[in-house]
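The values are calculated or read from the model by the stated rules, or taken from the named source; none is laboratory data. For clarity, every value in this text was computed on a predicted model and none was experimentally measured. So basically every Cβ, Gly included, is an ideal-geometry build from the backbone, and we count neighbours across all protein chains shown. Remember, those area values only see protein heavy atoms, side chains included, never the ligands or the DNA or RNA. Shrake-Rupley method; radii C 1.70, N 1.55, O 1.52, S 1.80 Å.
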Amino acid sequence: MRLLCADMQLIRPLIFIFAKIQGMKNYNLPSYHPLADKHAYDVLLQAEHCWTNMDSFRKQRNRCLQYTYGDQLSDIVRDEHGRRMTERQFLKGRGGQALSNNMIRKLVSTLKGTYINQNLEPICVARDRDEQTESDCLSELLTYVNDINDGISLYADIFEDYVVSGAAVCKKTYNYVNDRLDCWTTVPDLDLFFIDNNMKDSRGWDCNIIGEIHDMSWNSLLNYFAKSNADIEKLRKIYHYAASEAYILDSARQFGRKEINSSFLLPTDSSMCRVIEVWTKERKPRYHCYDHLNGELFKCELKDKRELVDMVNSQRMQQAMNAGVSEEEITENLITAEWFMDNYWYFRYFAPTGEVIMEGETPYEHGQHPYVFKFYPFINSEIHPFVADVIELQRHVNRLLNLNDYLMRTSAKGLLAVPTTALEGTNLTIEDLAEVWARPGGVFVYKPKAGVPLPSQITNSVQNLGIADLISMERSFFDDITGVNAALQGKSVGNVSGAYYAQQTQNAAVSLQGILTSFSSFRKQSALKDCKNIQQYYDTDRIVSIVGRDGRKIKFNPSKVKDISYDINISESQTSPVFRQVANDFLIQIWQSGQISLKAMLEAGAFPFGDKLLSIINTEQQQLQEMQQQQQLNNGGNADEQSGQA
């Protein structure tokens, strides 16, 4: 990782023509153009292309969010005159009230509750059973990282967005947060996130570019990127020109790009500094090396082969020849190197002008980017959110509600018939009469005329059009499509047995296994990167406190868990009530059989009063030991006294 300082040898001078810049007055262009790396700018344009192509995803997600939490009558429609307006404006223009009944919010809340009730957590399982102790220590550290990131609430919120938008994304880093250096999980804004549009694999194994847009304050920008006063001056110079849309667009034209999405490069808030983080999978030739003497496998750059391979082999050959080792044995202990094209992840932080603020090869030993993502369902490179399937049903329910309201209003006040001679000689117009008539309890004064009938209302009684039945049918369709029935929602389903109710709940959960299993895969990938960061960055002995059933503390030894091989499993949390009950019952049985002591049962179990009782036992044992030691001292003193008398 390196911060690029201004180097005049890397700067390509460009001549700008002021007349080409529209809308700019008294604008001082720099004497040089900051862009020197054509490949880096191509990466920025590729990121802009990916972000622009995700516009349909962002629109679909925002629509799903609108129907879940916001205004369900905000879709654009046309009236009979072809004018565009929202559904709410259309309904109010007809003199009615815009009504909606949000059933999607209840659906999302039920699914979120179902996920939380699973009480699942990731654990590490060693492939070598001899390393299971170290693997258990890694599981405890994984629990610790989950605790400091408030993982229960965090992943529940990510799952909620996963149901609404079909996308779950988080970022795993090791840095300072609130002056604390540790492993952290952050959630990018999906409106500012972009990813490879050519992916076909639902697991994301063919992803070649990923990143996000950051809008930072000036102080945050300096805290993250400035390492010296020279860096501060460079950033100040860059972001002096980054606020100009004309300058940015002209920079793109200098590199052969006539059109570029300015919203990708410019923040919506002019007081913020936009930084574009881009991770790309790149390729370059390297040597794949294997040391036959100690079994070490490593990669080396082309320029480092002489130092790391050739010189080491020469030194070993010379030492072996001096020791009289045969040539065949010498060959078996050398380092072999094979040329190959290596894939690696490379990151760049761009300013809107296209200049690279920071770049480097991935600092993570797992060799990947720091993001974890999952899309559901990801079929034919398309995302189809769970909520999107029921939006049309929700719209139909809202239409029926508004139709029923319209019929009730028109039945109360129908068509008003006014004779043409009724208003003659009065100061009232037909508009005045219509306004008073539409107002509840309206009154107007007029002078009756002989032979002229009064204005009369033509009404019709409301017939049963079956709107209530249609709404009930739509609600039934809603439950059938989503699989979230009354039992799963906790509603009463009539006078049924508990077993039948539990069976209905279980059957409803079957249809949700797809989205729940998919999100479990996301949790597994997330935990795997957490473990990799723990193995890499937890490089000193430390004692960490685990927030849980017994508030225990563990001692971490990095040398023991650095190189263990393990798998990640998603299993039921040990803090769940069901798990605790089963464990406690088992411990009580083996304690009653005399195989363990009461203290061991309390230490291993999760009893409500266990900590207090264990503390009492420890105190009594300590007092008993002190009494025994005092008695031994007294017995020793008496023996010495008797020996002296003898």
Using only the alpha carbons of segment 261-300, what is the convex hull's orientation-averaged projected area in square nanometres? 5.5 nm²
Of the convex hull enclosing the alpha-carbon atoms of segment 582-626, the direction-averaged projected area in nm² is 3.2 nm²
By accessible area (1.4 Å), largest first, TYR406, TYR67 order as TYR406, TYR67
Taking amide H positions as placed in the peptide plane 1.01 Å from N, state which residues far from GLY605 in sequence (5 or more) or on other chains have amide H under 5 Å from it. none
Rolling a 1.4 angstrom probe over the protein chains, ignoring ligands and nucleic acids, what is the accessible area of TRP339 in square angstrom, nearest 10? 140 Å²
What FRET efficiency comes out for ASP130 versus ILE616 if R0 is 30 angstrom and r is the Cβ-Cβ distance? Round to the nearest 0.05. 0.20
Once ligands and nucleic acids are excluded and a 1.4 Å probe is used, how much of PHE298 is accessible, expressed in Å² to the nearest 10? 50 Å²
Carbon plus sulfur, as percent of the 1.4 Å-probe accessible area of segment 59-130, comes to 45 percent
Taking 225-238, 266-279, 614-627 and ranking on average Cβ neighbours within 10 Å, highest first, one gets 266-279, 225-238, 614-627
Added length on full extension, which subtracts the Cα-Cα distance from 0.36 nm per residue, LYS112 to TYR290: 59.1 nm
Past 20 Å, Cα to Cα: identify those pairs from LYS281/LYS305; LYS112/LYS374; LYS171/LYS374; LYS532/LYS560, in the order given. LYS281/LYS305
Solvent-accessible heavy-atom area per residue, rounded to whole Å², over segment 46-127 at 1.4 Å: 54 Å²
How much solvent-accessible surface does VAL43 expose, in Å² to the nearest 10, with a 1.4 Å probe and all protein chains in place? 10 Å²
Evaluate the distance, in nm, between pseudo-label points positioned 7 Å from the Cα of ASP150 and of HIS366 along their respective Cα→Cβ axes. 2.3 nm
Using a Förster radius of 60 Å, what is the FRET efficiency between THR517 and GLN315 based on their Cβ-Cβ separation? Nearest 0.05, please. 0.65
Sorted by chain and number, the residues with a modelled amide H under 5 Å from that of ASP182, at a separation of 5 or more or across chains, are ASN175, VAL177
Kirkwood-Stokes translational diffusion coefficient of segment 86-224, alpha-carbon pairs, 25 °C, 0.890 mPa s, µm²/s: 126 µm²/s
Quick one: go through segment 129-162 and flag any residue whose amide nitrogen is under 11 Å from the point 7 Å out along the Cα-to-Cβ line of GLU603. none
Under 5 Å from the placed amide H of ASN208, counting only residues 5+ away or on other chains, we find ASP196
Tell me, in nm to one decimal, what length is gained between GLN629 and VAL510 on full extension, where the rule is 0.36 nm per residue of separation less the Cα-Cα distance? 36.5 nm
Give the calculated FRET efficiency between ASN557 and ASN380 to the nearest 0.05, with a Förster radius of 35 Å applied to their Cβ-Cβ distance. 0.15
In segment 35-95, what GluC sites (Glu not before Pro) fall in a loop by DSSP, with at most 13 other Cβ atoms inside 10 Å? GLU80
Summarise the accessible area of segment 329-395 (1.4 Å probe, protein heavy atoms) by the percent that is carbon and sulfur. 47 percent
Cross-link partners of LYS599 among aspartates and glutamates (Cα-Cα below 13 Å; sequence separation of 8 or more within a chain): ASP611, GLU620
For a quick check of your reading of the filter: which GluC sites (Glu not before Pro) in segment 337-414 sit in a DSSP loop and have no more than 14 other Cβ atoms within 10 Å? GLU365
From largest accessible area down, sort HIS81, HIS369, HIS214, HIS49; use a 1.4 Å probe on the protein chains. HIS81, HIS49, HIS214, HIS369
Extension gain from ASP469 to THR420, taking 0.36 nm per residue of separation minus the Cα-Cα distance: 13.3 nm
What ranking of LYS92, LYS200 comes out by heavy-atom accessible area, probe 1.4 Å, highest first? LYS200, LYS92
